[in-house]
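A.B. asks: Below: one structure in structure tokens.
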Amino acid sequence: MTLGQKTAVAEPLRSRRNHWVNQVAIHAQMRPDAPAFRYLGTDTSWKQLHDRSEAFADALARRGVGWGDRVLIVMLNHVEYIEAVLGINALGAIAVPVNFRLTPPEIGYIVADSGARAVVTDSTLAPLVNAVRAQTPGLDTCIVVGGDYEDLIAEQGEPHAPVDLPEDTPSLIMYTSGTTGSPKGAVLSYGNLQCQALTAIRAFEAVSDDIALCAAPMFHIAGLGSIAPSLLLGGLTVVHPLGAFNATELLDAWERDKVTSVFLVPVQWQAVCAEPTVRQRKLYLRAISWGAAPASDTVLKAMSDTFPEARNVAVFGQTEMSPITCVLEGKDALRKLGSVGKPIPTIAARVVDDNMNDVAPGEIGEIVYRGPTMMAEYWNKPEATADAFAGGWFHSGDLVRQDEEGFIYVVDRKKDMIISGGENIYCAEVENVLFAHPKIREAAVIGRSDDKWGEVPVAVVALAGDDPISLGDLEPMLNDNLARYKHPKHLVVVPELPRNASGKVVKHQLRKDYGSAI
């Protein structure tokens with residue numbers, strides 16, 4: 001990959017760049033004492049954020065980190081996570097957020113693939129990082145929040161040399177969740193993230209006095225992407241600690257901190273809407289949103305019923321697009337129930353067949369994109385990059401249909417489609433029906449090899465209670481909603497579906513355990 005050249009540019013020309021390093025510096029100058037982040041009741045002002053991230057950049061530079069170097073971040077959600085990203089970026093280095101739920105060999109793969117030479121972690125995850133370092137060479141520098149991090153912030157020494165950061169400079173390498181195989185590193189630039197911030201501001205009608213909640217893991221683009229608008233506008237972000245999801249604790253935080261804007265994945269919204277005290281709370285929500293995984297009609301209706309005064313916004317996209325590509329505005333939420341909305345104004349989108357021909361409205365095809373939020377490439381993977389940009393458009397892998405008004409409806413992931421007896425079965429369509437059954441809490445549909453039909457659908461479900469369930473119990477509902485060939489031929493009941501930290505069902509694990517591998 002070509003990283004470009006480190007450029008020495010005198011002030012004020014360097015400050016004209018539109019990216020979050022400069023945005024934080026502006027807020028530190030103009031509103032130094034205003035809170036930027038709140039974590040467990042403690043505020044960090046804009047001046048503190050700027051000073052600490054610059055001090056961290058100084059410490060990294062003294063340890064040999066510079067332009068184009070990759071630095072892993074393996075950390076829970078803390079304000080120090082943002083400080084680390086900003087400090088890394090201030091040097092022209094690239095932050096590599098890593099899913100802390102991965103095993104040492106899986107993280108070792110990312111170390112080797114990215115060529116990272118340093119890692120920032122916290123005291124909770126330090127044993128995991130130590131295991132990675134024992135198995136994988138290259139991570140010569142390890143900095144621990146709750147360990148030596150504060151010593152580095154206070155360290156005296158030569159400051160780093162200011163560098164110019166053109167908007168097309170890589171800021172992050174975000175490794176995809178790997179639900180279908182080995183993760184790939186999507187290279188995102190400052191320009192990508194700036195466009196993401198503007199997209200989110202428009203979608204949520206965000207203003208500078210909003211109080212946003214960051215509950216998504218910061219290693220996920222939904223986490224850092226949700227912070228980008230506040231870094232641009234100078235608003236307050238409440239960082240919610242990670243751990244076992246607890247709807248009551250989350251509602252407590254919304255009420256206590258007067259949160260106005262929240263993004264959650266659908267399974268979390270399902271739990272929040274079912275929390276017994278939710279309708280008695282004094283909440284200040286103006287915008288509620290979901291994404292990162294499909295939402296059933298049942299969950300969407302519950303959100304609208306529970307928070308009728310809030311702007312209910314669906315955001316759809318993927319890491320490679322920074323991530324938002326489609327938005328369903330609140331005024332269309334009920335009228336277009338089940339849609340992820342229309343493509344945002346700043347990108348071009350098409351729905352195409354396998355030969356890159358546009359399909360007619362109502363027909364199913366893959367949605368492909370062009371635009372300023374599109375990643376530069378997959379790090380260190382030229383063949384995967386070429387495949388992703390075949391025909392000059394980014395291939396999302398999402399099968400959709402578009403109605404006459406331009407609204408997009410996700411049918412399935414292209415790799416999840418089942419072909420049974422020559423008929424295409426879209427798993428998401430079957431899952432949406434299963435979600436509506438009162439005995440089912442969550443469901444996933446996969447394919448299983450079959451001598452007669454080639455492949456048949458299998459329903460893997462977790463139950464809402466203790467009552468057992470059988471295919472016979474599902475038959476009346478399936479008959480009313482689905483053609484016979486789409487009906488699951490097997491039913492597997494599990495305590496819960498395997499999900500990655502983004503809330504997505506890990507279908508390759510289900511296929512391995514219950515699907516075509518059997």
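The values are calculated or read from the model by the stated rules, or taken from the named source; none is laboratory data. All values derive from a computational prediction rather than experimental measurement. In this analysis, Cβ positions are derived from the backbone assuming ideal geometry, glycine residues included, and neighbour counts consider all displayed protein chains.
A.B. asks: Residue 517 fails exactly one of the following numbered conditions: (1) in contact with a strand residue (DSSP E or B) (Cβ under 9 Å, 6 or more places away or on another chain); (2) of a type outside the set (Ser, Thr, Tyr); (3) modelled with pLDDT of 85 or more. What is the number of that condition?
C.D. replies: It fails just one condition, (3).
A.B. asks: How about region 202-212: which of its residues are of a type in the set (Val, Ile, Thr) and at pLDDT 95 or above?
C.D. replies: So in region 202-212, the residues of a type in the set (Val, Ile, Thr) come out as 207, 211.
211, the sole residue that qualifies.
A.B. asks: Return the pair list, or none, for Cβ contacts closer than 6 Å from residues in region 377-400 that are in contact (Cβ under 8 Å) with a residue 40 or more places away in the chain and within 24 Å of residue 111 (Cβ to Cβ) to residues that are surrounded by fewer than 20 Cβ atoms within 10 Å (Cβ to Cβ) and of a type in the set (A, V, I, L, M), at least 6 apart or on different chains.
C.D. replies: These pairs meet every condition: 378/384.
A.B. asks: Kindly indicate whether any position in region 148-171 is within 24 Å of residue 398 (Cβ to Cβ) and under 19 Å from the mean Cα position of the chain (by Cα). Before you say what the answer is, go through the steps one by one.
C.D. replies: As a first pass, look at region 148-171 and keep what is within 24 Å of residue 398 (Cβ to Cβ): none.
Looking for residues that are within 24 Å of residue 398 (Cβ to Cβ) and under 19 Å from the mean Cα position of the chain (by Cα), one finds none in region 148-171, hence no.
A.B. asks: Okay, moving on. Considering (1) under 24 Å from residue 75 (Cα atoms); (2) assigned to a strand (DSSP E or B), say which one residue 250 fails and leave the rest.
C.D. replies: (2)
A.B. asks: Hey, another quick one. Looking at 52, 14, which one is farther than 27 Å from residue 215 by Cβ and among the charged types (D, E, K, R)? Explain how you work it out, then say what you get.
C.D. replies: Numbers: 52 fails: farther than 27 Å from residue 215 by Cβ.
None of the other options fit; the residue is 14.
A.B. asks: Suppose we filter 216, 154, 228, 222 for residues that are under 30 Å from residue 389 (Cα atoms) and out of contact with any Gly (no Cβ under 9 Å at 6 or more places or on another chain); which single one remains?
C.D. replies: Only one candidate passes the filter, namely 228.
A.B. asks: State the number of residues belonging to region 390-416 that are surrounded by 17 or more Cβ atoms within 10 Å (Cβ to Cβ) and more than 21 Å from the chain's Cα centre (by Cα).
C.D. replies: Going through region 390-416 one residue at a time, the tally reaches 4.
A.B. asks: When you look at residue 455, is it part of a strand (DSSP E or B) and more than 29 Å from residue 175 (Cα to Cα), yes or no? Spell out how you get there, then give the answer.
C.D. replies: Numbers: part of a strand (DSSP E or B): yes; more than 29 Å from residue 175 (Cα to Cα): yes.
Here the answer is yes, as residue 455 does meet what is asked.
A.B. asks: Moving on to the next point. Which one of 164, 210, 168 is under 16 Å from residue 289 (Cα atoms) and among the acidic types (Asp, Glu)?
C.D. replies: Exactly one of 164, 210, 168 is under 16 Å from residue 289 (Cα atoms) and among the acidic types (Asp, Glu), namely 210.
A.B. asks: Moving on. So, in region 494-505, how many residues would count as being part of a loop (DSSP other than H, G, I, E, B) and either within 19 Å of residue 426 (Cβ to Cβ) or among the aromatic types (Phe, Trp, Tyr) (or both)?
C.D. replies: Taking region 494-505 as the starting set, the residues that turn out to be part of a loop (DSSP other than H, G, I, E, B) are 494-498, 500-504.
Restricting the remaining residues to those that are either within 19 Å of residue 426 (Cβ to Cβ) or among the aromatic types (Phe, Trp, Tyr) (or both) gives 497, 504.
Looking only at that region, the number is 2.
A.B. asks: Looking at region 170-188, which of its residues are at pLDDT below 95 and in a strand (DSSP E or B)? Give the steps one after another, and end with the answer.
C.D. replies: Looking only at region 170-188, we keep the residues that are at pLDDT below 95, and these are 175-184.
Passing the criteria: only 175.
A.B. asks: Under the condition of being in contact with a Gly (Cβ under 9 Å, 6 or more places away or on another chain) and outside any strand (DSSP E or B), which residue from region 268-294 is surrounded by the fewest Cβ atoms within 10 Å (Cβ to Cβ)?
C.D. replies: Filtering first and then ranking leaves 293.
A.B. asks: Here is a follow-up. Given the options 491, 474, 478, name the one that is farther than 22 Å from residue 414 by Cα and part of a strand (DSSP E or B). Quick ask: steps written out before the conclusion?
C.D. replies: Numbers: 474 fails: part of a strand (DSSP E or B); 478 fails: part of a strand (DSSP E or B).
Criteria check complete, one pass: 491.
A.B. asks: Pick from 131, 84: which is of a type in the set (A, V, I, L, M), farther than 19 Å from residue 149 by Cα and touching a residue at least 24 places away in the same chain (Cβ under 8 Å)? Let's see the steps before the verdict.
C.D. replies: Working: 84 fails: farther than 19 Å from residue 149 by Cα.
Selected residue: 131, the only one of 131, 84 that is of a type in the set (A, V, I, L, M), farther than 19 Å from residue 149 by Cα and touching a residue at least 24 places away in the same chain (Cβ under 8 Å).
A.B. asks: Would you confirm whether or not region 358-377 contains a residue that is among the hydroxyl-bearing types (Ser, Thr, Tyr), surrounded by fewer than 20 Cβ atoms within 10 Å (Cβ to Cβ) and either within 18 Å of residue 194 (Cα to Cα) or touching a strand residue (DSSP E or B) at 6+ places or on another chain (Cβ under 8 Å) (or both)? First the steps, then the outcome.
C.D. replies: Our first condition is that a residue be among the hydroxyl-bearing types (Ser, Thr, Tyr); within region 358-377, this holds for 369, 373.
With surrounded by fewer than 20 Cβ atoms within 10 Å (Cβ to Cβ) added as a condition, the list becomes none.
No: region 358-377 contains no residue that is among the hydroxyl-bearing types (Ser, Thr, Tyr), surrounded by fewer than 20 Cβ atoms within 10 Å (Cβ to Cβ) and either within 18 Å of residue 194 (Cα to Cα) or touching a strand residue (DSSP E or B) at 6+ places or on another chain (Cβ under 8 Å) (or both).
A.B. asks: With (1) under 21 Å from the mean Cα position of the chain (by Cα); (2) part of a strand (DSSP E or B); (3) more than 22 Å from residue 344 (Cβ to Cβ) as the list, and residue 419 as the residue in question, which single condition is left unmet?
C.D. replies: Here residue 419 clears every test but (1).
A.B. asks: Which condition number in (1) buried (at least 22 other Cβ atoms within 10 Å of the Cβ); (2) closer than 16 Å to residue 163 by Cα is the one that residue 82 fails?
C.D. replies: Failing condition for residue 82: (2).
A.B. asks: Determine the pairs where a residue that is closer than 25 Å to residue 218 by Cβ, located within region 483-512, has a partner that is of a type in the set (Lys, Arg) with Cβ atoms under 7 Å apart, the partner being 6 or more residues away or on another chain.
C.D. replies: Every condition considered, the pairs that remain are 501/101; 505/499; 506/499.
A.B. asks: Check 168, 148 and return the single one that is closer than 26 Å to residue 222 by Cβ and surrounded by fewer than 17 Cβ atoms within 10 Å (Cβ to Cβ). Spell out the reasoning first.
C.D. replies: Working: 148 fails: closer than 26 Å to residue 222 by Cβ.
When all the criteria are applied, what remains is 168.
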